[in-house]
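Peer 1: Mind having a look at this structure? Questions to follow.
The values are calculated or read from the model by the stated rules, or taken from the named source; none is laboratory data. Note that this is a predicted model, so its numbers are computed, not measured. FYI the Cβ positions are ideal-geometry reconstructions off the backbone, even for glycines, and counts take in every protein chain you see.
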Amino acid sequence: MQRKTTQRQAIRDAFMAAGRPLGPEEVLKAAKKRGSTLGIATVYRAINALLAEAWLQAVRIPGEPARYELRELPHHHHFHCKRCGKVYDLKSCPGKLEALAPAGFIVQSHELTLTGLCADCA
Ligand SMILES: [Zn+2]
Ligand SMILES: [Zn+2]
């Protein structure tokens, strides 16, 4: 039980330290870098548990495996680097996207993902 708690905490720490959405392999790498000994199966189990607790939420990018981020984050958007595959948080939202919808339509939400090359890859 102690071991399980420690591993779960290492995974939480990895998400909090990253400051951007992470996929399971990235979580594993980050947790190992911090001295944690766990396997990919443990990471998947922990992510599922943290999703069930509503501590994490999935970030969906078309054609990509899901990444995960803290559920408590305020509304924001993402940048997906096509070369390294990392997903970054964008600070601002253009807002006022309702104007794009035809007259009479009610916009309830929007998703916006920028793609390209991150600073490390550009
Ligand atoms: Zn990149
Ligand atoms: Zn927005």
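Peer 1: Just to verify a result, which residue in the stretch 92-106, among those that are within 11 Å of ligand 2 (Cβ to nearest atom) and either at pLDDT 95 or above or in a loop (DSSP other than H, G, I, E, B) (or both), is nearest to Ala18 (Cα to Cα)?
Peer 2: Ser92
Peer 1: Inspect all residues belonging to the stretch 76-87 and state whether any of them is within 16 Å of ligand 2 (Cβ to nearest atom) and over 22 Å from Ala122 (Cβ atoms).
Peer 2: Looking through the stretch 76-87, none of the residues is within 16 Å of ligand 2 (Cβ to nearest atom) and over 22 Å from Ala122 (Cβ atoms).
Peer 1: For the stretch 43-55, state whether one or more residues are surrounded by 11 or more Cβ atoms within 10 Å (Cβ to Cβ), among the β-branched types (Val, Ile, Thr) and away from ligand 2 (no atom under 16 Å from the Cβ).
Peer 2: yes
Peer 1: From the list Gly39, Gly63, which residue is out of contact with any helix residue (DSSP H, G or I) (no Cβ under 9 Å at 6 or more places or on another chain) and surrounded by fewer than 18 Cβ atoms within 10 Å (Cβ to Cβ)?
Peer 2: Values: Gly39 fails: out of contact with any helix residue (DSSP H, G or I) (no Cβ under 9 Å at 6 or more places or on another chain).
Exactly one of Gly39, Gly63 is out of contact with any helix residue (DSSP H, G or I) (no Cβ under 9 Å at 6 or more places or on another chain) and surrounded by fewer than 18 Cβ atoms within 10 Å (Cβ to Cβ), namely Gly63.
Peer 1: Here is a further query. Kindly list the number of the only condition in (1) touching a residue at least 40 places away in the same chain (Cβ under 8 Å); (2) in contact with a Lys or Arg (Cβ under 7 Å, 6 or more places away or on another chain) that fails for Asp13.
Peer 2: Of the numbered conditions (1) touching a residue at least 40 places away in the same chain (Cβ under 8 Å); (2) in contact with a Lys or Arg (Cβ under 7 Å, 6 or more places away or on another chain), the odd one out for Asp13 is (1).
Peer 1: Hey, another quick one. Considering only residues that are in a helix (DSSP H, G or I) and hydroxyl-bearing (Ser, Thr, Tyr), which ones fall in the stretch 34-81? Can you show your working first?
Peer 2: Restricting attention to the stretch 34-81, the residues satisfying the condition of being in a helix (DSSP H, G or I) are 40-52.
Those that are in a helix (DSSP H, G or I) and hydroxyl-bearing (Ser, Thr, Tyr): Thr42, Tyr44.
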